[in-house]
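One structure below.
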Amino acid sequence: MSEAVATLPPSARASFKQPLGPVFTDALALLEGAGDPLIAVGDVVTAHLGEAGVTPHVAVVDGKTEREAVAPEVTASLPDVARVVDVTSEPGSLSGELVRALVAAIDADEPTRIVVAGEEDLATVPAVLYAPADATVVYGQPGEGMVRANVTAGLRERVRDLAGELETTAAFWRLVERA
């Protein structure tokens, strides 16, 4: 089991419910304003991108949507990639293993799927903090659609503030800092 480098305390849950960008129900509309690299967090979001003919540079999936197993057709719609990395991260936390895999995948030359045993919900935080400027992080907003979070200095600052509400270790901050 990989040690948690960040944990979501109950007091911070409400802060994490606000979308970090516009919400879309159509993947093609979402993609019109997306940057590069494209990072997807969530099985359903990744499947919608795959159905639109797009393979994200990084896809973080856990086989669940809203804590229930995804339908087989969702899994079947995930884009094929040559590089698949398996990690463990407990619900409500970010493991060092997951954050390290995410950082490596963002820096990798080829598209990567990170398969999380546990939960990937908080992976948006290190994705935005580490992704290069002009990247786009796409994640699911329960009951609403897909959020397109285009990485800018302003968004990074907002997410840094959100990350400050997590119970973090020094290792978390070292992992998400770009050299």
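At 20 °C and a viscosity of 1.002 mPa s, what translational diffusion coefficient does Stokes-Einstein give for the chain, taking Rh as the Kirkwood radius over Cα pairs? Give it in µm²/s as a whole number. Once the numbers are plugged in, D ends up at 135 µm²/s. Among beta bridges from DSSP that stay inside region 4-169, the antiparallel ones total about 45%. Using alpha carbons only, the radius of gyration of region 97-137 set against its Kirkwood radius gives Rg/Rh = 0.93.
Evaluate E = 1/(1 + (r/R0)^6) for Asp86 and Ala133, where r is the Cβ-Cβ distance and R0 equals 41 Å; express this FRET efficiency to the nearest 0.05. Before the final figure, lay out each step's value.
Details: r = 30 Å, r/R0 = 0.72.
Taking R0 as 41 Å, the efficiency between Asp86 and Ala133 is 0.90.
Within the shell of other residues whose beta carbon sits under 13 angstrom from the beta carbon of Leu28, the net charge comes to -2, with Lys and Arg scored +1 and Asp and Glu -1. If only the Cβ of Lys and Arg carry +1 and only the Cβ of Asp and Glu carry -1, the dipole of the chain around its Cα centre is close to 420 debye. Think of region 4-169 as having a plus end and a minus end, set by charges on the Cβ of Lys, Arg, Asp and Glu; of Pro142, Ala29, Gly50, Pro142 sits farthest toward the positive end of this dipole. Ranking Ser15, Val99, Ala82 by Cα position along the charge dipole of region 4-169, where only Lys, Arg, Asp and Glu carry charges on their C-beta atoms, puts Ser15 farthest toward the positive end.
I'd like to verify something in the chain: which complete DSSP H helices, judged by Cα projection on the helix axis, reach 18 Å or more and average at least -1.0 on the Kyte-Doolittle scale?
What comes out of the filter, once short or polar helices are dropped, is 153-165.
Restricting attention to region 27-93, which trypsin sites (Lys or Arg not before Pro) occupy a DSSP loop and are surrounded by at most 13 other Cβ atoms within 10 Å? Here the sparse-neighbourhood loop sites are Arg67. Compared with the direct C-alpha span, the chain from Ala71 to Glu3 gains 21.5 nm at full extension, assuming 0.36 nm per residue. Stretching the chain fully between Arg13 and Arg158 yields a gain of 50.7 nm (0.36 nm per residue, less the alpha carbon separation).
Values quoted throughout were computed directly from the atomic coordinates according to the rules given, and no laboratory measurement underlies them. Owing to the predicted nature of the structure, the values given are computational and were not obtained by experimental measurement. As a convention, Cβ positions derive from the backbone with ideal geometry for all residues, glycine included, and neighbour counts pool all protein chains shown.
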